[in-house]
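A quick write-up on the structure given underneath.
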Ligand code: AR6
């Protein structure tokens, strides 16, 4: 686990499960364009939230790479789910731009709703094939860019499923955000 303060706001990285962040207001889904369950993060969040999440999402689909939309959290221990469609690595080009757009749009959407805390998984770093080191660099740079100008969001957490992914994010957080 790593934690840094950035202009009085907190950015942290920890190993864990995005469905179990009960001290966080909004969790982010690494969604598919149709906002349906699927595998990975999307499957886990929809399973934990219950079928009403997919029902609520249906009218908002499809979404484009980089886009973020918000729903209720249903049976999850949060108030909101922010759904982002990450780029498929090497297909949705430039992938680093579209991945950064996910983080920027999710944070700006959260802020516009008065949300104070947001937890992200490593968007695109599973089925969509983004190398974890590059995904971490893009994610942390985007948060560093956007967070200082937000009014409401004061805590951003990256939740990494494996210990090795958590180490990649944590070491970069400690070295890139001063
Ligand atoms: N909590 C935190 N991280 C997780 C969890 C979890 N419960 N489960 C997986 N991860 P992915 P993508 C990690 O594939 O690459 C889906 O099928 C995982 O190890 O969920 O954006 C959708 O339907 C990886 O590091 O998202 C889409 O079609 C990261 O979360 C597609 O996959 C993202 O993996 C989206 O692909």
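If residue 136 passes every condition in (1) over 22 Å from residue 48 (Cβ atoms); (2) in contact with a helix residue (DSSP H, G or I) (Cβ under 8 Å, 6 or more places away or on another chain); (3) away from the ligand (no atom under 12 Å from the Cβ) but one, which one does it miss?
Going through (1) over 22 Å from residue 48 (Cβ atoms); (2) in contact with a helix residue (DSSP H, G or I) (Cβ under 8 Å, 6 or more places away or on another chain); (3) away from the ligand (no atom under 12 Å from the Cβ) one by one, residue 136 breaks only (3).
What's the total number of residues in the stretch 1-29 that are in contact with a strand residue (DSSP E or B) (Cβ under 7 Å, 6 or more places away or on another chain), within 25 Å of residue 112 (Cβ to Cβ) and within 8 Å of the ligand (Cβ to nearest atom)?
Here the count works out to 1.
Is it the case that some residue within the stretch 49-60 is closer than 17 Å to residue 159 by Cβ and within 14 Å of the ligand (Cβ to nearest atom)?
The answer is yes, given that some residue of the stretch 49-60 is closer than 17 Å to residue 159 by Cβ and within 14 Å of the ligand (Cβ to nearest atom).
Hey, could you check the stretch 50-69 for residues that are surrounded by 21 or more Cβ atoms within 10 Å (Cβ to Cβ) and under 18 Å from residue 25 (Cα atoms) and say which is farthest from the chain's Cα centre (by Cα)?
At the first step, the residues of the stretch 50-69 found to be surrounded by 21 or more Cβ atoms within 10 Å (Cβ to Cβ) are 53, 57, 65, 68.
From the residues that got through so far, the ones that are under 18 Å from residue 25 (Cα atoms) too are 53, 68.
Numbers: 53: 17, 68: 10 Å.
Filtering the stretch 50-69 for residues that are surrounded by 21 or more Cβ atoms within 10 Å (Cβ to Cβ) and under 18 Å from residue 25 (Cα atoms), the one farthest from the chain's Cα centre (by Cα) comes out as 53.
Hey, can you tell me all the residues within the stretch 145-169 that are touching a helix residue (DSSP H, G or I) at 6+ places or on another chain (Cβ under 9 Å), buried (at least 19 other Cβ atoms within 10 Å of the Cβ) and in contact (Cβ under 8 Å) with a residue 40 or more places away in the chain?
Correct list: 146, 147, 150, 153, 156, 158, 159, 160, 165, 169.
Right, residue 97: within 13 Å of the ligand (Cβ to nearest atom), at pLDDT 95 or above and more than 22 Å from residue 56 (Cα to Cα) or not?
Working: within 13 Å of the ligand (Cβ to nearest atom): no; at pLDDT 95 or above: yes; more than 22 Å from residue 56 (Cα to Cα): yes.
Criteria not met by residue 97.
Residues that are touching a strand residue (DSSP E or B) at 6+ places or on another chain (Cβ under 6 Å): find the helices (runs of 4 or more DSSP H) completely inside the stretch 67-178 holding 3 or more of those.
By residue number, 95-112, 163-176.
The values are calculated or read from the model by the stated rules, or taken from the named source; none is laboratory data. Quick caveat: nothing in here was measured; it's all calculated off a predicted structure. All Cβ positions, glycine included, derive from the backbone under ideal geometry; neighbour counts span all protein chains shown.
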